[in-house]
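These notes are about the structure you will find just below.
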């Protein structure tokens, strides 16, 4: 393991493995700016991610985190796996922000991150479906519901 921080960010660093045959490529070494990918990336940044955020709000997925934190008194909305949609959206925003600043996306991500942090239990547990009235069930049905 290196004692010094890496000079560049990589997705997966396998450089310490004696079995690795490939070396990581820094995120900054890759750009997708051609005529095929650039328009799709722009639509993702400007249209898709903000639209998905609105859907997360409209379908109660973000409210589920607020509810788990005790901030709002509303019923749980959706299915037991709905938290994962919020996490996937946040990951997509992070990848998008790695390619360029966007204050609106930063603000949305900050709001969502704060809701997630507020919902996490003191012992580290985080699953909005098993908050409040289902708290006693949180370690049940591990095969299907976690």
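The values are calculated or read from the model by the stated rules, or taken from the named source; none is laboratory data. If you're wondering where the values come from, they're calculated on a predicted model, not measured in any experiment. With ideal geometry, Cβ positions are generated from the backbone for all residues, glycine too; neighbour counts draw on all protein chains shown.
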task: For residue 144, work out the one condition from (1) outside any loop (DSSP other than H, G, I, E, B); (2) within 18 Å of residue 60 (Cα to Cα) it doesn't fulfil.
output: (2)
query: Within the bounds of the range 13-27, is there any residue that is touching a helix residue (DSSP H, G or I) at 6+ places or on another chain (Cβ under 7 Å) and assigned to a loop (DSSP other than H, G, I, E, B)?
result: no
Pair list, Cβ under 8 Å, 6 or more apart: the range 38-51 residue in the same structural domain as residue 93 (by TED's automatic domain parsing), other residue exposed (fewer than 11 other Cβ atoms within 10 Å of the Cβ): 38/32; 41/32; 45/100
- line: Filtering the range 101-126 for residues that are over 13 Å from the mean Cα position of the chain (by Cα), free of Cβ contacts under 8 Å to residues at least 40 places away in the same chain and closer than 20 Å to residue 27 by Cβ leaves a count of 1
statement: Condition set within 12 Å of the chain's Cα centre (by Cα) and surrounded by 15 or more Cβ atoms within 10 Å (Cβ to Cβ), scope the range 77-95, selection nearest to residue 57 (Cα to Cα): answer is 86
- line: Note: among 109, 68, just one is at pLDDT 95 or above, surrounded by 14 or more Cβ atoms within 10 Å (Cβ to Cβ) and closer than 30 Å to residue 33 by Cα, namely 109
query: Out of curiosity, is residue 39 at pLDDT 95 or above, under 19 Å from residue 145 (Cα atoms) and either in contact with a strand residue (DSSP E or B) (Cβ under 8 Å, 6 or more places away or on another chain) or loosely packed, with under 11 Cβ neighbours inside 10 Å (or both)?
result: no
